[in-house]
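Q: Structure provided below as structure tokens; questions to follow.
The values are calculated or read from the model by the stated rules, or taken from the named source; none is laboratory data. Remember, it's a predicted structure, so these values are computed and weren't measured experimentally. Virtual Cβ from ideal backbone geometry, glycine too; neighbours counted across all protein chains shown.
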Number of protein chains: 6
Amino acid sequence: MKSLYEKFTWPEIKAADKDRVVILPVGAMEDHGPHLPLDTDNLIVSRLAEAVVASIPAESLLLPTIPFGFNEHHKDFPGVIFIQPETLMNFVVDVARSLAHHGFRRILILNGHGSNHPVLDLAARKTVIATGCLCVSASYWNLMSETLQAERHSRTGGMAHAGELETSMYLYLDPRHVQLDKAREAIVHDENNRYLCLDLAGGAKAMAMQWWSAQTDDGTMGDPTVADADRGKIFFDAAVRETVGLVKEIRQIQLKRRKDHH
Amino acid sequence: MKSLYEKFTWPEIKAADKDRVVILPVGAMEDHGPHLPLDTDNLIVSRLAEAVVASIPAESLLLPTIPFGFNEHHKDFPGVIFIQPETLMNFVVDVARSLAHHGFRRILILNGHGSNHPVLDLAARKTVIATGCLCVSASYWNLMSETLQAERHSRTGGMAHAGELETSMYLYLDPRHVQLDKAREAIVHDENNRYLCLDLAGGAKAMAMQWWSAQTDDGTMGDPTVADADRGKIFFDAAVRETVGLVKEIRQIQLKRRKDHH
Amino acid sequence: MKSLYEKFTWPEIKAADKDRVVILPVGAMEDHGPHLPLDTDNLIVSRLAEAVVASIPAESLLLPTIPFGFNEHHKDFPGVIFIQPETLMNFVVDVARSLAHHGFRRILILNGHGSNHPVLDLAARKTVIATGCLCVSASYWNLMSETLQAERHSRTGGMAHAGELETSMYLYLDPRHVQLDKAREAIVHDENNRYLCLDLAGGAKAMAMQWWSAQTDDGTMGDPTVADADRGKIFFDAAVRETVGLVKEIRQIQLKRRKDHH
Amino acid sequence: MKSLYEKFTWPEIKAADKDRVVILPVGAMEDHGPHLPLDTDNLIVSRLAEAVVASIPAESLLLPTIPFGFNEHHKDFPGVIFIQPETLMNFVVDVARSLAHHGFRRILILNGHGSNHPVLDLAARKTVIATGCLCVSASYWNLMSETLQAERHSRTGGMAHAGELETSMYLYLDPRHVQLDKAREAIVHDENNRYLCLDLAGGAKAMAMQWWSAQTDDGTMGDPTVADADRGKIFFDAAVRETVGLVKEIRQIQLKRRKDHH
Amino acid sequence: MKSLYEKFTWPEIKAADKDRVVILPVGAMEDHGPHLPLDTDNLIVSRLAEAVVASIPAESLLLPTIPFGFNEHHKDFPGVIFIQPETLMNFVVDVARSLAHHGFRRILILNGHGSNHPVLDLAARKTVIATGCLCVSASYWNLMSETLQAERHSRTGGMAHAGELETSMYLYLDPRHVQLDKAREAIVHDENNRYLCLDLAGGAKAMAMQWWSAQTDDGTMGDPTVADADRGKIFFDAAVRETVGLVKEIRQIQLKRRKDHH
Amino acid sequence: MKSLYEKFTWPEIKAADKDRVVILPVGAMEDHGPHLPLDTDNLIVSRLAEAVVASIPAESLLLPTIPFGFNEHHKDFPGVIFIQPETLMNFVVDVARSLAHHGFRRILILNGHGSNHPVLDLAARKTVIATGCLCVSASYWNLMSETLQAERHSRTGGMAHAGELETSMYLYLDPRHVQLDKAREAIVHDENNRYLCLDLAGGAKAMAMQWWSAQTDDGTMGDPTVADADRGKIFFDAAVRETVGLVKEIRQIQLKRRKDHH
């Protein structure tokens, strides 16, 4: 069963089940330390989304990944492609509104890059307001926090950016492009912090994002030295499993009509 | 010691300690069931912020509350004043950039209304990028999740909107304006959900916000019937305590310079 | 009778008389010389609006004041919070459009700060075009020009900014926060001018607004040294009386339908 | 001496005296009753500006007229070309900023159409903030209010739109295009009004602009039946005289530098 | 028969044939070497459009020229008035949408300045999407490429800007303002180029526009020294003839309805 | 030698030759008749760009394709993802400005979809103005017009959209996804037209783009029935050859500095 949206003809889209959940992955192009390529977020979120639709093709449909994200605070590092947040938001909303225009009712914006999170949250809300469809946004690491805590080898702060999580998954997905010999530990988390935290496994109660180059010397935030491909597989499989779970939950929601109380 | 920003003259602002954390509360004007007034979010976040600066005046400064928020999905209920998210974001960024222009280095955007959360998160990030100052955003309920879980009487879903939490605090802060006889239980949380949840005590792994009138009959989402003023005081005091903690944490962060790696 | 909009529940707004004039005050946070606090415009316009609805509660409804305005040309003075004019305009239009969405037909945007004037004029026009309701904008000093001319002690240029008018009213409304010992005369009006004038009592035939710090040394433009609380009461009472008159005039206007001539 | 900006070559602009006041006329294309063409505002403001620079060529420079304005509230009448206010404002600011970029220090935005007034006021303020040059905005009728009151034959409300003033001037400037036989009196001013008034000779203390087609049957607001070419000449000559006066006043203003008080 | 739109009254526009092609000329104000005035593009496109409607008045209608264009890359030369491209696009779309609002079905945006081309192309497309009318954009030199190649005396690159074509036409239309003694040859075209070319007679396969002052010393790109008034007449007459041809082709197109395939 | 930008680490980008031409392909997701998938433009432009950098890796660098374009006029056909033109333009400019920020001096925006053309033309111009780098835009079919004319089997109008050209190339690149049995001839070109034409091989002298569903019944415009894979290879190879030629021409251009003539 075809699940890549782009390979449909228009009469095939017309005939498609409009309750399939359409997944739009959004990544980024940015520094990931000296050991990972610029496409780390794109690679992970794209492979994840492909695995999800491969496992439940009848329930989902996959769009191409938007390969650039919101990360101007990284621009002191060469290579970063930084999209203004309003532009990224409008771009995503245009995609989602197009889907609703064609009758799709359930959309998942799947995020692979930290700072995209509020942009995509807003994009989902704006889509709902504009179209009435169900539009959900999710960052994959939030879906799998139990696995992250259960399987991690690094302490808090070890999987913030280019650290244990991303390096392990890249080693599993495309080891040829990882230069592990250049990786070094760079945990900057202050253990006395009660509210602020950038670890992907959770723990932040408030949001503080400073300029990246003021926080890290080589673009790494976390501990890539403990990464390995086996743990990468464990993490990746959990991401797939939880995203499949979310897609199924989205499918189950009963869509109700608005009621005007005026 | 003066801690209300608006009561300073300009020479007094010039002389002020620029490491005081300037707090900008942001609320909303919207339906809160038949039992609470439209200003519920404004009342709570304003009183909270006032209590915070009253307890640590030398370390903080308070701006007036922005009394309208992002909530177009509520507009089927009479009375809602809905600001477009870009407009609210720009407004908040203008305030924060003004503060940075005058040399303030530490800003806290304190949120009192759910859907403002991603708007203010983005506003904080944009301020950092534009000015280099430290700009933090926080929703007060996230700061106090342990207390919410420890003290609540309602089950999950009982404190989403106009429910146990907000009704209790309003009863504590301004009981004259609560019409508790009109309150009714309206928990719409699906206990089978693993990813989606609107309870303010946490639990959501993904974000799905539908039109409000499609989810609730009278604007309530939660259980106001278990609310009381004593628990309102417990909640409110915890909010003050945790926000004070966050302000102190913001004061402690060492501010470092950007480094250009080109 | 309740006249504070924010204290209504949504069913109460639903039941409210939609011909009550909803008043939205807009102020500013900016330098007012060394003798007045940053909130001068907010204090005056808020107290004025409260007095208006207190005197004709059945005919009006009051929204909270928007406490920041358009005043980037003041930003050389510490403390100024400057909102971009498009952002302020959009913010105000969103508020007014929300009111029209709920069926209110008569809106008064009440201005307390000079440079907001064209922003709010445009916001009112845009609201009319978007909704068809009657949306009026007014700067309070224009409503009371006869009283200003009759009661003033200073010559032309004496009541432009932080001068006789504002200082007198602040002395009447909140004398504890006035540092009159620091006030000094600063009339910069050129008596040879036939077209350009910044005095609030009128006289300008064209609009020229330069950078504030190029025109005044300490943020004052006018003569605060002649101010006193008694005259402040006279001015304030006139402002209330004339604004009540305007509200009543707005109530009387017969609303007619558009006719398409195509 | 050349005073049409457009006929200069770039080396001639480079050599020009940068204290000459550059005049940018802004008009509109809209219904002016059944008796006047759509270009009424353009014709008057263009001829006026040409006469001004002809009389003081060494002190001024003239740009081409922007022939479309802000008047969406007129669009129920065929022929109206309506520009969104933000677009018109940005357009005018771009022109004025270009002038400042080339070193011109004194700019007059000369308005020929009522609803453009707040747009051009804001455009002038934004230009000052962006460039530091002196940018003035003026609506020609405000400059000549004494003459309007002294010479008018109609009562208040008689010269609001396509009435005594505009019809008289069109009769003087281009009688061939006036169909005076189709003109009829259409004074809609309520004499009981104390605050609201649309007469061009002044009197308004607050701004209320409803949809045009809700206020007038044929697009006229005022009394064109009393118009004649002789009075048109009187009015036009006064407009020229007063605009020349304003240009000279603009030339006299001493330009001072900003001072940063931080 | 009247063909100047601006001289119609609104009832006359109401009665007009809505299949007349409404022409909106768009020019620019910019450096054209030391020999031509800043208004070169405006003069040519305005006279061209006037000649077109004079020859087929019953089939066309003419709006006033928009006298400023998109040319920020020229701003190193004194005198250039540069409009931001989004602002120009929105301005033109507002004009075209107004026409469609009044029932006109066929619009021609006629361009007289190179860099306006993509702006007006987009404006035409946006107008079609917004209104469903037929909106065409054209740059006059593209319509007459055969004549340009047949009649030119200069080699490729000789008629890019202020060169043979524009100088000849200005000599024909308004010789008094041409300072031919200051003109000099300035062909910068690289004959080895296969893809990039700025000659107005065509030949470019890709678009590369650098900063103007990096490409030419005096603002000229082309060869004005071979220009003469007779060839100007030949060029101008061809432009009129071809534009008339285009207007007639636009008149002939059968307008069909959209069909929704969902 | 690595030529995929995304596989560089940030230190590798830092070390890269900044005169390599960075290629940004832009496609679209839209109806291409009943015989081709929605990704036709993306497939062709992506494969083309990959082949270009594979043949001259040391002279170029490839970014990921932006897979959605400007095509709202297609939205009557299911499946179309339509991005607003301003959003697409801003997105592309952000990418290009990022490259310039990192020191890249030569950028090629390579277009695979018709209506993107003016958007990308403008994006390239805006990038030049903002950064001073050389930014070129090109639609691949314009680069290869001689081959198109030499090799085509269909008459004019036969290769406008989903016609001979695109179908042939898709048959060559990915025959499995072509449903050639569903293709039918749909040439809508009017042979009497002198100015208007949508054939990709050229011929248009003016731009007219109506709603797609008003012009074609099944989304095809052209003749796919004459397509075959061998001609697809001829076309594709020509596209690669000409794009390589353009990249080399871009490399040869001598970059000069701006000069301020004020």
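Residue by residue, here is whether (1) touching a residue at least 60 places away in the same chain (Cβ under 8 Å); (2) more than 30 Å from residue F:229 (Cα to Cα) holds:
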{"site": "F:117", "(1), (2)": "no, no"}
{"site": "F:123", "(1), (2)": "no, yes"}
{"site": "F:129", "(1), (2)": "no, yes"}
{"site": "F:134", "(1), (2)": "yes, yes"}
{"site": "F:140", "(1), (2)": "yes, no"}
{"site": "F:143", "(1), (2)": "yes, no"}
{"site": "F:150", "(1), (2)": "no, no"}
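Q: Evaluate the following for residue E:237: is it charged (D, E, K, R), closer than 19 Å to residue E:45 by Cβ, surrounded by fewer than 20 Cβ atoms within 10 Å (Cβ to Cβ) and without any contact (Cβ under 8 Å) to a residue 24 or more places away in the chain?
A: yes
Q: Please specify each residue of segment E:236-260 satisfying the condition of being outside any helix (DSSP H, G or I) and touching an Asp or Glu at 6+ places or on another chain (Cβ under 7 Å).
A: E:258, E:259, E:260, listed by residue number.
Q: Right, next: May I ask you to list pairs of residues, at least six apart or on different chains, whose Cβ atoms are under 6 Å apart, with the first in segment A:12-30 being farther than 21 Å from residue A:65 by Cβ and the second being hydrophobic (A, V, I, L, M, F, W, C) and surrounded by 21 or more Cβ atoms within 10 Å (Cβ to Cβ)?
A: A:18/A:104
Q: Out of segment A:3-22, which residues are within 18 Å of residue A:134 (Cβ to Cβ) and either surrounded by fewer than 24 Cβ atoms within 10 Å (Cβ to Cβ) or among the small types (Gly, Ala, Ser) (or both)?
A: Those that are within 18 Å of residue A:134 (Cβ to Cβ) and either surrounded by fewer than 24 Cβ atoms within 10 Å (Cβ to Cβ) or among the small types (Gly, Ala, Ser) (or both): A:16, A:17, A:18, A:19, A:20.
Q: Which ones in segment D:75-88 are facing chain E (nearest Cβ under 9 Å), outside any loop (DSSP other than H, G, I, E, B) and of a type outside the set (Val, Ile, Thr)?
A: Across segment D:75-88, the qualifying residues are D:82, D:86, D:88.
Q: To continue, here is another question. Anything in segment A:144-162 that is crowded, with 22+ Cβ neighbours inside 10 Å and more than 17 Å from residue A:233 (Cβ to Cβ)? List them, or say none.
A: Answer for segment A:144-162, where residues must be crowded, with 22+ Cβ neighbours inside 10 Å and more than 17 Å from residue A:233 (Cβ to Cβ): A:157, A:158, A:160, A:161, A:162.
Q: Condition first: facing chain C (nearest Cβ under 8 Å) and assigned to a helix (DSSP H, G or I). Now tell me which residues in segment D:123-138 satisfy that.
A: D:124, D:125, D:126, D:128, D:129
Q: Among (1) more than 7 Å from chain D (Cβ to nearest Cβ); (2) surrounded by fewer than 21 Cβ atoms within 10 Å (Cβ to Cβ); (3) in contact with a Gly (Cβ under 8 Å, 6 or more places away or on another chain), where does residue E:32 come up short?
A: (2)
Q: Given the residues D:3, D:55, which is the only one that is more than 8 Å from every other protein chain (Cβ to nearest Cβ), among the polar types (S, T, N, Q) and more than 19 Å from the chain's Cα centre (by Cα)?
A: The match here is D:3.
Q: Of the residues D:61, D:38, which is free of Cβ contacts under 8 Å to residues at least 60 places away in the same chain, in a strand (DSSP E or B) and at negative phi?
A: Just one listed residue meets the conditions, D:61.
Q: Determine if segment C:90-108 includes at least one residue that is at negative phi, part of a strand (DSSP E or B) and of a type in the set (A, V, I, L, M, F, W, C).
A: So far as segment C:90-108 goes, yes, one or more of its residues are at negative phi, part of a strand (DSSP E or B) and of a type in the set (A, V, I, L, M, F, W, C).
Q: Restrict the check to segment E:43-50 and report whether at least one residue is within 8 Å of chain D (Cβ to nearest Cβ) and either free of Cβ contacts under 8 Å to residues at least 40 places away in the same chain or assigned to a loop (DSSP other than H, G, I, E, B) (or both).
A: Checked against the condition, which is being within 8 Å of chain D (Cβ to nearest Cβ) and either free of Cβ contacts under 8 Å to residues at least 40 places away in the same chain or assigned to a loop (DSSP other than H, G, I, E, B) (or both), segment E:43-50 yields no hits at all.
Results for (1) at pLDDT 95 or above; (2) in a helix (DSSP H, G or I); (3) in contact with a Leu (Cβ under 7 Å, 6 or more places away or on another chain), shown as yes or no for each residue.
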site	(1), (2), (3)
B:165	yes, yes, yes
B:168	yes, yes, no
B:196	yes, no, no
B:204	yes, no, yes
B:231	yes, yes, no
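Q: Does at least one position in segment B:73-89 carry a residue that is in contact with a Ser or Thr (Cβ under 8 Å, 6 or more places away or on another chain), at pLDDT 95 or above, crowded, with 24+ Cβ neighbours inside 10 Å and among the aromatic types (Phe, Trp, Tyr)?
A: Yes, segment B:73-89 contains a residue that is in contact with a Ser or Thr (Cβ under 8 Å, 6 or more places away or on another chain), at pLDDT 95 or above, crowded, with 24+ Cβ neighbours inside 10 Å and among the aromatic types (Phe, Trp, Tyr).
Q: Kindly indicate the residue of segment F:185-200 that is under 23 Å from the mean Cα position of the chain (by Cα) and more than 8 Å from every other protein chain (Cβ to nearest Cβ) and also surrounded by the most Cβ atoms within 10 Å (Cβ to Cβ) among those meeting that condition.
A: F:199
Q: Which residues, taken from segment C:225-262, are of a type outside the set (A, V, I, L, M, F, W, C) and more than 14 Å from chain D (Cβ to nearest Cβ)?
A: C:225, C:228, C:230, C:231, C:232, C:233, C:237
Q: Quick one: how many residues across segment B:110-122 are more than 9 Å from every other protein chain (Cβ to nearest Cβ) and surrounded by 24 or more Cβ atoms within 10 Å (Cβ to Cβ)?
A: 5
Q: Quick check: anything in segment A:139-148 within 30 Å of residue A:254 (Cβ to Cβ) and of a type in the set (A, V, I, L, M)?
A: yes
Q: Let me ask you something else. Looking at segment C:168-184, I want the residues that are in contact (Cβ under 8 Å) with a residue 40 or more places away in the chain and have a partner that is among the aromatic types (Phe, Trp, Tyr) and surrounded by 15 or more Cβ atoms within 10 Å (Cβ to Cβ) with Cβ atoms under 6 Å, at least 6 apart or on another chain. Which pairs are those?
A: Here the result reads C:168/C:235; C:169/C:235; C:169/C:236; C:172/C:236; C:178/C:170, each pair linking segment C:168-184 to a residue that is among the aromatic types (Phe, Trp, Tyr) and surrounded by 15 or more Cβ atoms within 10 Å (Cβ to Cβ).
Q: Next up: Can you tell me how many residues in segment A:202-224 are surrounded by 19 or more Cβ atoms within 10 Å (Cβ to Cβ) and more than 9 Å from chain B (Cβ to nearest Cβ)?
A: Total meeting the criteria: 6.
Q: Kindly evaluate residue A:22 against the criterion of being part of a helix (DSSP H, G or I) and among the β-branched types (Val, Ile, Thr).
A: Considered against the rule, which asks whether it is part of a helix (DSSP H, G or I) and among the β-branched types (Val, Ile, Thr), residue A:22 comes out as no.
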